[in-house]
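First up is the structure itself, then whatever we jot down about it.
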Amino acid sequence: QVQLVESGGGLVQAGGSLRLTCAASGRTFSSYAMGWFRQAPGKEREFVAGIRWSGGSTYYADSVKGRFTVSRDNAKNTGYLQMNSLKPDDTAVYYCAATMSALVRTTTSYRSWGQGTQVTVSS
């Protein structure tokens, strides 16, 4: 098990940027792949981005490709989601999650979830 805490959310104007941070504890973070998900009111939780434990492979939803960058610093037990060119449709609660599974894009692969951080993008 690994415990995760997200931070870095907030209110930004369209076109602005935020960097979300996922701090891990309780178990060796480097053993887990990390995923980022988001959920807007009235919508299902959706995959945003993911990164393998090695950091060598990354995955992105089509809606965020070219705008978001996922990374990790295993020495600091920390993951990041850099979000640029934000749009109002990006407004959601963002969650980080950790999995030992190779199915990085699949919500049900994750056992450990953070509490979420709100991202609001105004027009």
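Some points to look at:
- From the list VAL104, VAL70, VAL121, the one residue that fits, being of a type in the set (A, V, I, L, M, F, W, C), at pLDDT 95 or above and either at positive phi or under 12 Å from the mean Cα position of the chain (by Cα) (or both), is VAL70.
- The residues of region 104-123 that are under 13 Å from TYR32 (Cβ atoms) and of a type in the set (A, V, I, L, M) amount to a single one, VAL104.
- Taken together, SER85, SER17 contain a single residue that is hydroxyl-bearing (Ser, Thr, Tyr), under 15 Å from the mean Cα position of the chain (by Cα) and within 19 Å of THR117 (Cα to Cα), which is SER17.
The values are calculated or read from the model by the stated rules, or taken from the named source; none is laboratory data. Just so you know, these numbers come straight off a predicted model, no measurement behind them. We place every Cβ from the backbone using ideal geometry, glycine too, and count neighbours over all the protein chains shown.
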